[in-house]
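Q: Structure provided below as structure tokens; questions to follow.
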Amino acid sequence: MTYTGEVTVGGAPDTREAGDLVITKIAVGPMANNAYLLRCALTGEQVMIDAADEAGRLLELVGDRGLARVITTHRHADHWQALAEVVAATGAETVAGEDDADELPVEVDVRVRTGARVRVGSCELEVIEVVGHTPGSIVLVYDDPDGVTHLFTGDSLFPGGVGRTWSPDDFMRLCGEVETKLFARYDDDTWFYPGHGDDSTLGAERPSVPDWRARGW
């Protein structure tokens, strides 16, 4: 079946192949967070992005392949409710942005900043700090050598706008960082996977960026 990225809490996950990386998206409640399980097709190594909630469902998704590490995109609690339980069950290494790491409920093994690389077997994720939603929010980039670029944006970028901010200064900073670090760098066919809701592409969102700035949210 064709991947759509349209998942619902309690519903089936959705999976796609992106070169050597297999991406599975699942929605967990009660805030309809997206969690992503990445698996290297060559080595079988698995990495999770945002152990958000419903640890039992996430561990079922992991199965008997094991989990090498869990990456948390930012400090907000709806993105780490299942983190401690998933890590305890799997022994996974924990990864988070340097400036959000102290706010998580587990010890963070690897604190990352822009330019860091996180392995998923033979595949690699590049870390980009995108500040504004939180001080230590990160975006994970997978550049498929034979396809498009994939961005895991947490709550920094959604279809229809940037993530929520709590001051005009934070909003302007987040807009600027999304424009310069994502839209200015990557092509229109770049696919992104947000922390809630449906996926989109940079090309679909690019014409609306000036409107986001004008409306102020």
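Q: What strands (runs of 3 or more DSSP E), lying completely within segment 1-86, carry at least 2 residues that are surrounded by fewer than 16 Cβ atoms within 10 Å (Cβ to Cβ)? Walk me through how you get there before you give the answer.
A: Values: elements: 14-18, 21-28, 33-40, 46-49, 69-72.
Strands (runs of 3 or more DSSP E) meeting the threshold: 14-18.
Q: Please work out if HIS196 is of a type outside the set (A, V, I, L, M, F, W, C), within 24 Å of ASN33 (Cα to Cα) and buried (at least 17 other Cβ atoms within 10 Å of the Cβ).
A: Numbers: of a type outside the set (A, V, I, L, M, F, W, C): yes; within 24 Å of ASN33 (Cα to Cα): yes; buried (at least 17 other Cβ atoms within 10 Å of the Cβ): no.
Judged against the criteria, HIS196 is not a match.
Q: It is to be established whether one or more residues within segment 97-108 are farther than 21 Å from LEU151 by Cβ and buried (at least 23 other Cβ atoms within 10 Å of the Cβ).
A: Taking every residue of segment 97-108 in turn, none turns out to be farther than 21 Å from LEU151 by Cβ and buried (at least 23 other Cβ atoms within 10 Å of the Cβ).
Q: Out of segment 175-184, which residues are more than 14 Å from LEU140 (Cα to Cα) and of a type outside the set (Ser, Thr, Tyr)? Write out each step before concluding.
A: Kept after step one, since they are more than 14 Å from LEU140 (Cα to Cα), are these residues of segment 175-184: 175-177, 179-180, 183-184.
Result: CYS175, GLY176, GLU177, GLU179, PHE183, ALA184.
Q: Against the definition (touching a residue at least 60 places away in the same chain (Cβ under 8 Å), within 24 Å of THR24 (Cβ to Cβ), polar (S, T, N, Q) and in contact with a Leu (Cβ under 6 Å, 6 or more places away or on another chain)), how does SER137 come out, yes or no? Quick ask: steps written out before the conclusion?
A: Values: touching a residue at least 60 places away in the same chain (Cβ under 8 Å): yes; within 24 Å of THR24 (Cβ to Cβ): yes; polar (S, T, N, Q): yes; in contact with a Leu (Cβ under 6 Å, 6 or more places away or on another chain): no.
Taking the combined requirement at face value, the residue does not satisfy it.
Q: Please go through segment 38-77 and give me each residue that is among the β-branched types (Val, Ile, Thr) and touching a residue at least 60 places away in the same chain (Cβ under 8 Å), ordered by number.
A: So the first thing to find is which residues in segment 38-77 are among the β-branched types (Val, Ile, Thr), and the list is 43, 47, 49, 62, 70-73.
Those that are among the β-branched types (Val, Ile, Thr) and touching a residue at least 60 places away in the same chain (Cβ under 8 Å): THR43, VAL47, ILE49, ILE71, THR73.
Q: Which of (1) within 26 Å of ALA27 (Cα to Cα); (2) over 16 Å from the mean Cα position of the chain (by Cα); (3) crowded, with 18+ Cβ neighbours inside 10 Å is the odd one out, the single condition PHE171 does not satisfy?
A: Among (1) within 26 Å of ALA27 (Cα to Cα); (2) over 16 Å from the mean Cα position of the chain (by Cα); (3) crowded, with 18+ Cβ neighbours inside 10 Å, PHE171 violates only (1).
Q: Can you tell me which of (1) in contact (Cβ under 8 Å) with a residue 60 or more places away in the chain; (2) under 16 Å from the mean Cα position of the chain (by Cα) is the one GLY147 doesn't meet?
A: Condition (2) is where GLY147 drops out.
Q: Quick one: how many residues across segment 109-119 are surrounded by fewer than 16 Cβ atoms within 10 Å (Cβ to Cβ) and either among the acidic types (Asp, Glu) or assigned to a loop (DSSP other than H, G, I, E, B) (or both)? Don't jump to the end; show me each part of the working.
A: Of all residues in segment 109-119, those surrounded by fewer than 16 Cβ atoms within 10 Å (Cβ to Cβ) come to 109-110, 113-115, 117, 119.
The next check asks that each one be either among the acidic types (Asp, Glu) or assigned to a loop (DSSP other than H, G, I, E, B) (or both); those that pass are 109, 113-115.
Residues in segment 109-119 being surrounded by fewer than 16 Cβ atoms within 10 Å (Cβ to Cβ) and either among the acidic types (Asp, Glu) or assigned to a loop (DSSP other than H, G, I, E, B) (or both): 4 in total.
The numbers here are math on the coordinates, done by the rules we state, and not lab data. The shown structure was predicted, so the numbers you read here are calculated from the model rather than taken from an experiment. Cβ sites come from the backbone with ideal geometry, for glycine too, and all protein chains shown count toward neighbours.
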